[in-house]
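The values are calculated or read from the model by the stated rules, or taken from the named source; none is laboratory data. Quick caveat, the model's predicted, so the values are computed rather than measured. Virtual Cβ from ideal backbone geometry, glycine too; neighbours counted across all protein chains shown.
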Amino acid sequence: MQKLILFALLTVASLWAQQPVAVQGAGAIGTSDAAWTSGTSVNTAVTLISNSSQYNAIQVTLIQGTTLTGGVVTFESSIDNSNWTSVQGVEKDNTTIIGPTYTLVVSTNISFVFPVNAPYFRVRLSTVITGSGTVTIQHASQTLPDVGLLAGIETLGASTNVIGHVIVDSGSSAVTQSTFANLKGTVELTDGTNTPAAKAASTAPVATDPALVVANSPNGGNPCQNPSATLAMVAGQTSGTSSTQLIALSGSTHIYVCGITIQGISGTTPTFALRYGTGTACAAGTATIIGAFTTTANATFTWGAQFVTTAGQELCYIQTGTSPVANYAISYVQQ
């Protein structure tokens, strides 16, 4: 018999342990905690939570009359019911930060949700009501936190609180919600007066530019390793022993040589050299990139190193020997 009783108790305990856990909470509601008019004295307060530590959140609703013209309420909490501090919450449903004060608005019913971290919570009339309307205060406190307290939108004040703004420009005077999803425009940083101007590396800032100027660095990295740079290639077969232009100069740009492959084909004691300069086929201001080396037939020579010319130069090769012939493939960026 004892074994049967023990088995029955264990079976009941097992079934109980398998039951779903329900989240339960409690709260208190006040549909008319106070009705304030223009005759209500300044600093009149209504305490909505008094000497209770069971509540985690409170919703305060203000029913504002159709004929009031002004007035301000302040939301406060206290630990000892004597010293009160201001508190902030969020506007119900749109989670805009509210408080610690709220200026009354005619013909408006509005609700705010506040976290409760003290045993006392009250609403105080900090500026008297003007006009003939009535403001009715309601509340609903609960032991579970309100999800509306998890987010908020804070709006910076004017003047000294302005830290800048972002302008989204679609090229028209306004951007609407319907066009925002397909927006192809620019994002500009500004200090409220000046907007940065982006300029090419070869263009220096001038006095008429805005105060905030951003220029591409003329020494900014290696274009051969920049995925957005335009990589070009020149390839072919050499002929003769005269200096021959491979890449023409273009203004004040540099030629960044990214890769070189030379294959010897034929000739008697043939050599190959790579250089840059100006004039006809690098005839003036010549500088050597790769000195003369023997292009042995059926031998391939490659350079993993990268080279750069000075600004405004062309790239050329020159060969020596008798009837030297070689194949070449040179990749580069010119900017």
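Observations on the structure shown:
- Being polar (S, T, N, Q), touching a helix residue (DSSP H, G or I) at 6+ places or on another chain (Cβ under 9 Å) and part of a loop (DSSP other than H, G, I, E, B) holds for only one residue in T253, T296, T230, T280, and it is T230.
- Subset of segment 51-81 (residues that are of a type in the set (S, T, Y), at pLDDT below 95 and closer than 23 Å to T143 by Cβ): S52, S53, Y55
- Single unsatisfied condition, S266 versus (1) farther than 13 Å from C316 by Cα; (2) within 44 Å of the chain's Cα centre (by Cα); (3) not basic (K, R): (2)
- Hits in segment 53-109 (condition: surrounded by fewer than 15 Cβ atoms within 10 Å (Cβ to Cβ) and in contact with a Pro (Cβ under 7 Å, 6 or more places away or on another chain)): S53, I79, S86
- Options T271, T302; residue that is surrounded by fewer than 16 Cβ atoms within 10 Å (Cβ to Cβ) and not in a loop (DSSP other than H, G, I, E, B): T302
- Taken over segment 305-322, the residue count meeting the criterion of being touching a Gly at 6+ places or on another chain (Cβ under 8 Å), surrounded by fewer than 16 Cβ atoms within 10 Å (Cβ to Cβ) and in a strand (DSSP E or B) is 1.
- Among the residues of segment 237-250, those identified as exposed (fewer than 13 other Cβ atoms within 10 Å of the Cβ) and either hydroxyl-bearing (S, T, Y) or not in a loop (DSSP other than H, G, I, E, B) (or both) are Q237, S239, S242.
- Search result, residues across segment 78-109 that are of a type in the set (G, A, S) and in contact (Cβ under 8 Å) with a residue 60 or more places away in the chain: G89
- Wholly enclosed strands (runs of 3 or more DSSP E) of segment 54-135 bearing at least 1 residues closer than 17 Å to T44 by Cβ: 57-64, 68-78, 84-86, 101-103, 120-131
- Yes/no for G240 being under 47 Å from the mean Cα position of the chain (by Cα), touching a residue at least 40 places away in the same chain (Cβ under 8 Å) and more than 30 Å from T203 (Cβ to Cβ): no
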